[in-house]
Structures are given as C-alpha cells and as structure tokens.
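> Submitted below is the structure of interest, expressed as structure tokens.
The values are calculated or read from the model by the stated rules, or taken from the named source; none is laboratory data. Please read all numbers here as calculations on a predicted model, not as lab measurements. When we count neighbours, we look across all protein chains shown, and the Cβ atoms used for this are built from the backbone with ideal geometry, even at glycine. Areas reflect the complete protein model, heavy atoms only, side chains present, ligands, DNA and RNA absent. Shrake-Rupley method; radii C 1.70, N 1.55, O 1.52, S 1.80 Å.
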Amino acid sequence: MEENNAMGSYDQVFVEPGFYVLKIQNDTDAAKEIYHELDSSYIQFHFSLKGSGQFLFNQGNYRLNVSEENSLLLYNTQKDLPIHLSLQPDSWVFSVIMSIQKFHSLFSQDANAIPFLSESFSEKKYYAQEMLTPGMAVVLSQLMNYNLHPSIKRLYIKGKVYELIALYFNRTEDADLEQCPFLADEDNVRKIKKAKDIILERMVEPPTLQELSDGIDLSLKKLKEGFKQIYGDSVYGFLLDHKMDLARQMLESGKHNVNEVGLKVGYSTASHFIAAFKKKYGTTPKKYLTSIVKT
C-alpha cells in the first residue's frame, strides 16, 4: 500500500504483526519530506541505497545525516522517534520497522550478542551508523527491484528482511566474502550499477552484452554473474521487466495508445510489443486497457 500525508508519500508493506517496511524513493528534482508516526516500542533500520537525506528530531533541532550505501539504526526506550526524513533528489531509502518484542524474538537465544537487547540498555537509547556491506547491498537491491506476484510479495519481503538483518549483525568480513565472492570488490558493485543505468538510459536501443561489458570495463562473465547476484535476473530479463512495467504505467495514464507505448519502450512493431506484454501479464494491452476502464 502507499501511505500519503501532507509532507510526502512512500510505499508501506505490512509483513506481519509488529513488522513492516517502507520503500521511500525520491526520483524528482526537489527535496522531499516524509513524516511517519512511530512510538518508542519500535526499532528502526534505515538503509540508504543512493543519494542522501537527513533524519530530523526535536522539531528539526537535531539532525542525523544518512548517505549513500550507509545505514542508520535507531532505538530509544524513553522517547518516541517518529520518522521525519528530508530526502534529497534522486535518493532511495529502504526502512525496516519492527517492534522490539518481535525483534527480540529473533534473537531470543542469542540476545547477549546484540548490545541494545541486554538489560543494561532497557532504559537507554541506541543509535548506530554503519556502512552497507556488499552482501547487504545485494539484498537491498533485490528488495527495491523485485517483480513478483502479489500473493507471495509478503513472504519474499519477510525472507529477504530476515536475511538483511542477519547480515547487518554479522560483522565478520570473511563470512560476507564467502557468501558472495564477486561482491567483495565494491568497485565491481559500482560497475554493475552503472551497467543497469546504461541499459535503462538506452532502453529503446540497448547495447549488446559485449558492448555493455566493454563500457563498464568488466568481463562478460562477471557482468552476467554480478548482474544476476545484485538484481536477481539477467541483464535483458531485468530490462524486459522494466519495459513492461513502464508500458503498463503509460497505458494506465490514458495518454498513449498501444502503438505509441510499444514504440516508446523499444518495439518497432505493435505485434512484437503485444506478444511481449501478453507473455508478461497474461493479457493483451487492449484488453488490459478495457479492464482498467471497467474498474
């Protein structure tokens, strides 16, 4: 679902009682402010995938910066900490909101390993800022870019968030490298992200895999493996999903006919576009438009 308020909007997905996530994206040219009520019974994890922002407290008198590829953990038993985020243009933040009771249950047998779960923190506050590890970056990219049937979305998010939290509290570098050797080199991650940006910018006439490989200075093998690890799909599979999602949005806007939409997402003939759309959504663009009008 999408939560709207006077200061902004974001996607909010309830996973189970005491546990939900927020997907906050500012793809505009102006700073965006988000406000979300939250009391002291919750722990907050905020992960910045790109761009930057500031978390404001005490009516803006106290601020915490969050920059690209960094995280912020907030927990205060003595004071409510509503989320007041000023997000800069072209910035993404993924937040995990979990009741302390729910969170404690995850570590019931190993609570001593988590500083703020010990009794000494029962009446204190706990803030932590950490760099994202490569493994965490992979999971976050998957959480922001998944394309799944609605019936399994919550299950997928639950599994991935548990994985994310496990990686967050696993600070042994060797374990992270063993899990995903390719991503041990952060430069590789940046190159794969650049590859993603290139194919989206050149969506209508995308480069070949070899051209893309040459363009980011990464071997073809590492491009294929790395893209799959980060985005959960092949390069062209990811691009196809993006095209179809964009096509669906354009059809829903009512500003373009089927032929125009097909051309805008890179199909030279309407028949090829219709076939791709039907394969993705199980219906033709025309029938999809009809169903929208009826609802």
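> Condition test on Q101, is it touching a residue at least 40 places away in the same chain (Cβ under 8 Å) and not in a helix (DSSP H, G or I)?
no
> Suppose we keep only residues that are touching a strand residue (DSSP E or B) at 6+ places or on another chain (Cβ under 8 Å) and not aliphatic (A, V, I, L, M) within segment 25-36. Which one would you say is farthest from G53 (Cα to Cα)? So that I can check it myself, show each step before the final result.
Let us first name the residues in segment 25-36 that are touching a strand residue (DSSP E or B) at 6+ places or on another chain (Cβ under 8 Å), namely 25-26, 31-36.
Next, only the ones that are not aliphatic (A, V, I, L, M) stay: 25-26, 32-33, 35-36.
Numbers: Q25: 11, N26: 10, K32: 9, E33: 9, Y35: 13, H36: 15 Å.
This residue is H36.
> Among the candidates G226, G232, G262, which residue alone is under 28 Å from the mean Cα position of the chain (by Cα) and on the phi > 0 side of the Ramachandran plot?
Numbers: G226 fails: on the phi > 0 side of the Ramachandran plot; G262 fails: on the phi > 0 side of the Ramachandran plot.
Unique residue meeting the criteria: G232.
> I'm checking my understanding of the structure. Among residues of segment 211-253 that are within 23 Å of L140 (Cβ to Cβ) and either β-branched (V, I, T) or touching a Pro at 6+ places or on another chain (Cβ under 9 Å) (or both), which one is most open to solvent (accessible area, probe 1.4 Å)?
Applying the filter and picking the extreme gives Y236.
> Now, a different point. Out of (1) in a loop (DSSP other than H, G, I, E, B); (2) modelled with pLDDT of 90 or more, the odd one out for V96 is which?
All conditions are met except number (1).
> Out of all the residues in segment 64-83, which are polar (S, T, N, Q), touching a helix residue (DSSP H, G or I) at 6+ places or on another chain (Cβ under 9 Å) and within 23 Å of D27 (Cα to Cα)?
Result: S71, single match.
> May I pose another question? Taking the criterion of being at pLDDT below 85 and open to solvent by 50 Å² or more (accessible area, probe 1.4 Å), would at least one residue in segment 36-47 satisfy it?
Within segment 36-47, not a single residue is at pLDDT below 85 and open to solvent by 50 Å² or more (accessible area, probe 1.4 Å).
> Ok, one more. Which residue pairs have Cβ atoms closer than 8 Å, lie 6 or more positions apart in sequence or on different chains, and pair a first residue in segment 234-254 that is over 15 Å from Y267 (Cα atoms) and touching a residue at least 40 places away in the same chain (Cβ under 8 Å) with a second residue that is surrounded by 13 or more Cβ atoms within 10 Å (Cβ to Cβ) and of a type in the set (D, E, K, R)?
V235/K224; F238/K196
> Taking the criterion of being under 17 Å from K23 (Cβ atoms), in contact with a helix residue (DSSP H, G or I) (Cβ under 7 Å, 6 or more places away or on another chain) and either open to solvent by 20 Å² or more (accessible area, probe 1.4 Å) or touching a residue at least 60 places away in the same chain (Cβ under 8 Å) (or both), would at least one residue in segment 49-63 satisfy it?
Taking every residue of segment 49-63 in turn, at least one turns out to be under 17 Å from K23 (Cβ atoms), in contact with a helix residue (DSSP H, G or I) (Cβ under 7 Å, 6 or more places away or on another chain) and either open to solvent by 20 Å² or more (accessible area, probe 1.4 Å) or touching a residue at least 60 places away in the same chain (Cβ under 8 Å) (or both).
> Which ones in segment 3-24 are assigned to a strand (DSSP E or B), touching a strand residue (DSSP E or B) at 6+ places or on another chain (Cβ under 8 Å), more than 14 Å from K153 (Cβ to Cβ) and at pLDDT below 90?
E3, N5, G8, S9, Y10
> Quick one: in segment 261-295, of everything that is open to solvent by 80 Å² or more (accessible area, probe 1.4 Å) and of a type in the set (D, E, K, R), which residue is modelled with the highest pLDDT?
Taking segment 261-295 and keeping what is open to solvent by 80 Å² or more (accessible area, probe 1.4 Å), we get 263-264, 268, 272, 278-279, 286-287, 293-295.
Next, only the ones that are of a type in the set (D, E, K, R) stay: 264, 278-279, 286-287, 294.
Values: K264: 92, K278: 88, K279: 86, K286: 87, K287: 86, K294: 46.
Looking at residues that are open to solvent by 80 Å² or more (accessible area, probe 1.4 Å) and of a type in the set (D, E, K, R), I get K264.
> Would you please name the residue that is surrounded by the most Cβ atoms within 10 Å (Cβ to Cβ), looking only at residues in segment 103-144 that are modelled with pLDDT of 55 or more and of a type in the set (F, W, Y)?
Narrowing segment 103-144 to residues modelled with pLDDT of 55 or more: 103-109, 124-144.
Subsequent filtering for residues that are of a type in the set (F, W, Y) retains 103, 107, 126-127.
Values: F103: 21, F107: 14, Y126: 15, Y127: 14.
The qualifying residue surrounded by the most Cβ atoms within 10 Å (Cβ to Cβ) is F103.
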